[in-house]
Amino acid sequence: MTCLPEITPGQKKLGLVIDLDTCVGCQACATNCKEWNSSGHSGPLPDLKPYSAGAEGVWFNRVHSYEAGEGADGRTVHFPRSCLHCETPDCVTVCPTGASYKRIEDGIVLVDHDICIGCGLCAWACPYGAREMDEDEGVMKKCTLCIDRIYNETIPEAQRQPACVLTCPTNARHFGDLGDPESDVSKLVAARGGQDLMPELGYKPVNKYLPPRKRSSAAATPQEAVPTAMDIKNPLLRWMDKVLTR
Amino acid sequence: MNPAPSIVFFTTASGAGYGLLFWLGLLRPLGIVPATPAFALVCLVLALLLITAGLVSSMLHLGNPTRAWRAFSQWRSSWLSREGVAAVVTYVPAIGFGAALLADLPGLATLAGLLAAVGAAVTVWCTAMIYASLKPIRQWHHPLVAPGYLLLAGYSGMALLAGVSALGGVVGGPASFIITLGLAALVLKLAYWRMIDGGDPVATAESATSLGFIGKVRPLDPPHTESNYLLREMGFRIARKHAASLRTIVLVGGFAAPILLALLATQIGGGVALPALALGALLALAGLLVERWLMFAEATHTVTLYYSGR
Ligand code: SF4
Ligand code: SF4
């Protein structure tokens, strides 16, 4: 059913919180995402011309880098982009087949690859470019929030997290229930002022982005260092210095 | 947006077919077009051929055409699904119309024709709403898009109807309709182009990245060095000067020329009417193909904000 589930208060909203302050743009999340999802719920993730010029493929996570601001205040920000598991996403309602759906129990947005006709309309309806067509199978693919990890009882509990979150070397990615104000992720969002992407489109993204922290204001003016014993060339004076500072 | 030939052909051909079906069902009872069953049958077959060719072409666009039947299920939320349902339902009165004509049941033919006209209008409306409801594409999520689809379907359908009417010796009524509809379409397209040229973007690189509080946002490193589905499908951009010359082609070839030819047909009549109206219909259809191509080529999607910053 492509009608959206009714939102009830206290509804579970699983999603990611991405820290733009600590992301170093290493592409580890994108790479581990590709690796895990090539054989999981959405596998295979095709690559076109993988061994020649023009190699490309389906990825659920793409890490951009931007420059923001000018001059001394400008900075480089690395920016991972994936499905935001929006609360009111048109990618679900436009789907003619019911293949694109939002789960009532946790809000994850998924595609049923057995009924998708590959019309591509949902990719047009997503403002964030979170859906990519598998042109081999002719069906739409997208981030599943690692649905095959987070509920997977055959792997150790500590690993029941999305692949991107587990692999991030700077801990810039956090996973949890954003519908529960007491969850770690919700507290993090509240403490750091988590942002929505393109709120003006009204899709109400669940994933939040933590803004880069403000830089400390201009560094302290450099101070001349006090001379050390070795800066004193005259051996007599050096001896005196040693004795006097004892 | 990438102007996929299958979709450009689909919306133009089916639009003209539904337009023809609409006017046939509506104007035949009013006596504005030839009343003979032969005339109605020729128009009906032409309309159904165009509609069917368009629908088949749109199915070829799918990744999994054999599952197309699944698209009838989500009419509660999806305009694409509604379009599919409306298209199939419209075949029922359209074929009934033909059967009633063949069986010489004029009352039933009129009723089925009117129902087919309603179905045609509803189907074109649903097609238009597929585009008009997409918020990330500001040139489509625009109040003139759906009326434009209806008007252009009506205009091209009328151009075809006038051509076939001229074969049956009736010129005046349909030709004057072409002039009215053509002028209305021309004004609408001019207004639409003016509005999309000046319109504000729906979002900015700053809001797309949430980094606006730092300052202006510029892409530095792309996430991938080669192309991908997103860039091929939504990254298509047309140069401003090409768009301008294609707009002129649409205005002159697609609207002005058929209008003048229709005027010629009404004023001079006789042997000139048929070739003038036939040529006018061909020009209108060709012009609308260009118009539909431009409709895609000029549309921009918010995902390009992430890649090019605009
Ligand atoms: S980010 Fe795109 S694909 Fe994901 S839920 Fe939102 S609209 Fe749908
Ligand atoms: S591509 Fe598949 S999931 Fe997307 S709208 Fe079409 S049928 Fe639905």
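The values are calculated or read from the model by the stated rules, or taken from the named source; none is laboratory data. These numbers come from a predicted model, not from an experiment. Glycine also receives a Cβ, built like all others from the backbone with ideal geometry; neighbour counts cover every protein chain displayed. SASA here: full protein model, heavy atoms, side chains in, ligands and nucleic acids out. Shrake-Rupley method; radii C 1.70, N 1.55, O 1.52, S 1.80 Å.
Please give the FRET efficiency for A:GLN159 paired with A:ILE7, using the beta carbon to beta carbon distance and R0 = 35 Å, rounded to the nearest 0.05.
0.70
Using a simple charge model, +1 on the beta-carbon of Lys and Arg, -1 on the beta-carbon of Asp and Glu, nothing else, what dipole does the stretch B:66-197 show about its Cα centre, in debye to the nearest 20?
In debye, rounded to 20, the stretch B:66-197 gives about 580.
Mind pulling the angle between the C-alpha long axis of helix A:28-37 and the longest principal axis of chain A? Nearest 10 degrees, somewhere in 0 to 90.
For A:28-37 against chain A, the angle is about 30 degrees.
Roughly speaking, to the nearest percent, how much of chain A's 1.4 Å accessible area is carbon and sulfur?
Of the solvent-accessible surface of chain A, carbon and sulfur hold 56 percent.
May I ask you to give the percent of accessible area on chain B that is carbon plus sulfur, with a probe radius of 1.4 Å?
About 73 percent, which is the carbon plus sulfur part of the accessible surface.
Between A:GLU70 and B:LEU183, what's the calculated FRET efficiency when r is the beta-carbon distance and R0 is 56 Å? Round to 0.05.
0.65
Can you tell me what the convex hull of the Cα atoms of the stretch B:28-123 projects to on average, as an area in nm²?
Across all orientations, the stretch B:28-123 yields a mean hull projection of 6.8 nm².
Only Lys, Arg, Asp and Glu count, each charged at its Cβ (+1, +1, -1, -1), so figure out the dipole size of chain A about its Cα centre, rounded to 20 debye.
1140
In chain B, if the dipole is taken from +1 on Lys/Arg beta carbons and -1 on Asp/Glu beta carbons about the Cα centre, which of B:ALA208, B:MET158, B:LEU246 is farthest to the positive end?
B:ALA208
Which net charge results for the neighbourhood of B:MET1, defined as the other residues with beta-carbon distances under 9 angstrom from its beta-carbon, given Lys and Arg at +1 and Asp and Glu at -1?
-2
Got a sec? Which residues of the stretch B:45-76 lose 30 Å² or more of accessible surface with every protein chain in place, vs. that chain alone, 1.4 Å probe?
Those are B:LEU62, B:GLY63, B:ASN64, B:ARG67, B:ARG70, B:ALA71, B:GLN74, B:ARG76, which lose 30 Å² or more relative to the chain on its own.
With a 1.4 Å probe and all protein chains in place, put B:LYS135, A:LYS233 in order of accessible area, largest first.
Greatest to least solvent exposure: A:LYS233, B:LYS135.
If I build a Gaussian network model for chain A, linking alpha-carbon pairs within less than 10 angstrom, which residue out of A:ALA123, A:ALA172, A:ALA55 has the largest mean-square fluctuation?
A:ALA55
So if we plug the beta-carbon distance of A:GLU105 and B:VAL45 into 1/(1 + (r/R0)^6) with R0 = 41 Å, what FRET efficiency do we get, rounded to 0.05?
0.20
Rounded to whole Å and ordered largest first, report the semi-axes of the equivalent ellipsoid of the protein assembly as shown derived from its Cα gyration tensor (root of 5λ).
Over the Cα atoms of the protein assembly as shown, the ellipsoid semi-axes are 60, 28, 18 Å.
Mind giving me the nanometre distance, one decimal, between the label points for A:LYS49 and A:ASP184, set 7 Å out from Cα along Cα→Cβ?
4.4
Anyone know which of A:GLU105, A:GLU224, A:GLU200 comes out most mobile in the 10 Å Cα GNM of chain A?
Its mean-square fluctuation being the largest, the pick is A:GLU224.
How much mean residue ellipticity at 222 nm does chain A get from its helices, if each DSSP H run of length 4 or more adds -39500 (n - 2.57) and you divide by all residues, to the nearest 500 deg cm²/dmol?
It comes out at -5000 deg cm²/dmol, rounded to the nearest 500.
What does the charge dipole of the protein assembly as shown about its Cα centre add up to, to the nearest 20 debye, if the Cβ of each Lys and Arg holds +1 and the Cβ of each Asp and Glu holds -1?
940
Compare the Cα positions of B:TRP140, B:GLY119, B:GLY17 along the charge dipole of the stretch B:5-308 (+1 at Cβ of Lys, Arg; -1 at Cβ of Asp, Glu; about the Cα centre) and return the one farthest towards the positive end.
Toward the positive end, the furthest listed residue is B:TRP140.
Under a GNM of chain A (C-alpha, springs under 10 Å), which listed residue has the highest mean-square fluctuation: A:SER52, A:SER42, A:SER183?
Fluctuation is largest for A:SER52.
Within chain B, which DSSP H helices have Cα atoms that stretch 18 Å or more along the helix axis and a mean Kyte-Doolittle hydropathy of at least 1.0?
B:5-27, B:37-60, B:79-102, B:106-132, B:145-167, B:172-198, B:273-297
Across all directions of projection, what mean area in square nanometres is found for the Cα convex hull of chain A?
Mean orientational projected area (chain A, Cα hull): 22.3 nm².
What does the extension gain come out to for A:LYS214 and A:SER38, with contour length at 0.36 nm per residue minus their alpha carbon separation?
59.5 nm
At 1.4 Å probe size, with every protein chain present, just tell me what the per residue accessible area of the protein assembly as shown comes to in Å².
44
Can you say what percent of the DSSP beta bridges in chain A, counting only those with both residues inside, are antiparallel? Round to 5.
90
Excluding ligands and nucleic acids, what accessible area in Å² is computed for B:HIS142 using a 1.4 Å probe, to the nearest 10?
Ignoring ligands and nucleic acids, B:HIS142 comes out at about 30 Å².
Can you pull the accessible area of B:TRP293 for me, 1.4 Å probe, Å² to the nearest 10?
Approximately 90 Å² for this residue.
Which order do B:TRP125, A:TRP36 take when ranked by solvent-accessible area (1.4 Å probe, heavy atoms of all protein chains), largest first?
B:TRP125, A:TRP36
With viscosity set to 0.692 mPa s and temperature to 37 °C, compute the Stokes-Einstein D of the stretch B:5-308, Rh being the Kirkwood radius across alpha carbon pairs; µm²/s, no decimals.
Taking Rh from Cα pairs, D becomes 159 µm²/s.
How big a patch of accessible area, both sides summed and in Å² to the nearest 100, lies buried between A and B at a 1.4 Å probe?
4900
Residue farthest toward the positive end of the dipole of the stretch B:179-280, with Cβ of Lys/Arg at +1 and Asp/Glu at -1: which of B:LEU263, B:LEU190, B:VAL217?
B:LEU263
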